[in-house]
Amino acid sequence: MKENNYDVIIIGAGTAGMTSAIYLKHAGLSCLLIEGETPGGQVAKTMTITNYPGFKSITGAELATKILSQVKELGVEILYQKVQNVKLDQDRKIIVLDDEKELITKNIIIATGRNPKKLGLPNEEKLIGHGISYCATCDGAFFKGEEVVVIGGGDTALEEAIYLSSICKKVTLIHRREEFRAKSYLQDELKYIDNIEIITNANVTDLIESKGQLSHVRIARENKVENIKATGCFIFIGYIPQTDCFSYLGITNEEGFIETNANMETRVKGIYAIGDVREKEICQIVTATSDGATAAIHLSKAMND
């Protein structure tokens with residue numbers, strides 16, 4: 001069964017998707033916002049935000065709620081449902097929902113985001129926002145002058161360790177292998193930073209808490225167990241883009257992220273991608289909202305040409 005026919009359907013109601021909806025509504029286009037979980041995406045799970053313009057400090061849930069309120073006031077239709085599949089029918093796009101209902105649209109904006117890979121340790125979920133973080137740029141300032149741990153061996157792990165070294169008393173960089181995967185210039189830079197300690201060939205086995213806060217990170221190396229003092233633990237072992245139902249469209253790279261041009265257009269005409277699901281260097285709230293505005297503006301112009 002096929003229902004409705006929209007100018008645009010936005011899949012994902014994070015900050016990028018909701019920003020697109022706001023701009024599309026102002027452009028007079030009919031749009032539907034589909035969200036499979038909680039509006040706000042990863043932002044809604046962030047304890048405190050101090051780097052978003054206009055707010056000295058705001059919780060992620062508050063910011064997500066404010067944006068969602070603006071979307072609702074504009075009369076944007078929101079459907080809380082998961083997308084199962086996307087089918088192409090000439091110029092039309094057909095979105096198949098989990099309940100098998102099909103929605104027709106001229107254009108799609110994909111804003112499904114990404115999820116950080118996790119260690120899978122017992123206390124990890126519990127301590128998110130209480131010492132565990134997946135974004136040093138977002139949360140590093142809360143650990144000024146303290147001892148922290150960074151886990152990972154790629155570019156992001158080393159970049160964030162270097163950043164944290166400028167504000168934290170000590171940074172312990174832990175990698176499970178002997179060699180880092182990061183670019184050589186980043187590895188070279190580590191050698192000149194006195195307050196970064198590097199531990200390789202080590203596996204993190206436990207996250208130890210005290211009074212609801214992270215206090216130590218336990219590692220195993222060379223058949224020995226060691227507890228490392230840390231009030232913050234930043235985990236950078238990769239990200240998983242939420243693109244399973246779009247992969248067959250030929251718009252993703254090897255890692256599953258969606259490739260776009262500067263206008264947020266993918267290889268398929270009428271399909272755009274924005275926010276953290278897109279292949280890009282910087283993933284921040286402000287860049288997500290920028291992506292959302294860019295896609296909506298260029299999509300609106302394309303429909304009026």
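Just checking, does the stretch 16-29 include any residue being assigned by TED's automatic domain parsing to the domain that holds Leu63, of a type in the set (S, T, N, Q) and not in a helix (DSSP H, G or I)?
No - not one qualifying residue is present in the stretch 16-29.
Condition check ((1) among the hydrophobic types (A, V, I, L, M, F, W, C); (2) out of contact with any Pro (no Cβ under 6 Å at 6 or more places or on another chain); (3) without any contact (Cβ under 8 Å) to a residue 12 or more places away in the chain) across all residues:
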{"residue": "Val268", "(1), (2), (3)": "yes, yes, no"}
{"residue": "Ile271", "(1), (2), (3)": "yes, yes, no"}
{"residue": "Val277", "(1), (2), (3)": "yes, no, no"}
{"residue": "Glu281", "(1), (2), (3)": "no, yes, yes"}
{"residue": "Gln284", "(1), (2), (3)": "no, yes, no"}
{"residue": "Gly292", "(1), (2), (3)": "no, yes, no"}
{"residue": "Ala295", "(1), (2), (3)": "yes, yes, no"}
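All conditions but one from (1) modelled with pLDDT of 95 or more; (2) closer than 17 Å to Gly113 by Cα; (3) hydrophobic (A, V, I, L, M, F, W, C) apply to Val71; the one that does not is (2). Only a single item in (1) within 30 Å of Ala21 (Cα to Cα); (2) in a strand (DSSP E or B); (3) of a type in the set (Gly, Ala, Ser) is not met by Ala220, and it is number (1).
In the set Ile193, Ile240, Ile258, which member is at pLDDT 95 or above and under 21 Å from Ala136 (Cα atoms)?
Answer to the check: Ile193.
There is no residue in the stretch 204-216 that is hydroxyl-bearing (Ser, Thr, Tyr) and farther than 21 Å from Ser133 by Cα. Beta carbons closer than 6 Å, at least 6 apart along the sequence or on distinct chains, pair a first residue in the stretch 117-131 that is within 17 Å of Ile240 (Cβ to Cβ) with a second that is acidic (Asp, Glu) for Lys118/Glu124.
The values are calculated or read from the model by the stated rules, or taken from the named source; none is laboratory data. As the structure is a computational prediction, the values presented were derived from the model and not from experiment. As a convention, Cβ positions derive from the backbone with ideal geometry for all residues, glycine included, and neighbour counts pool all protein chains shown.
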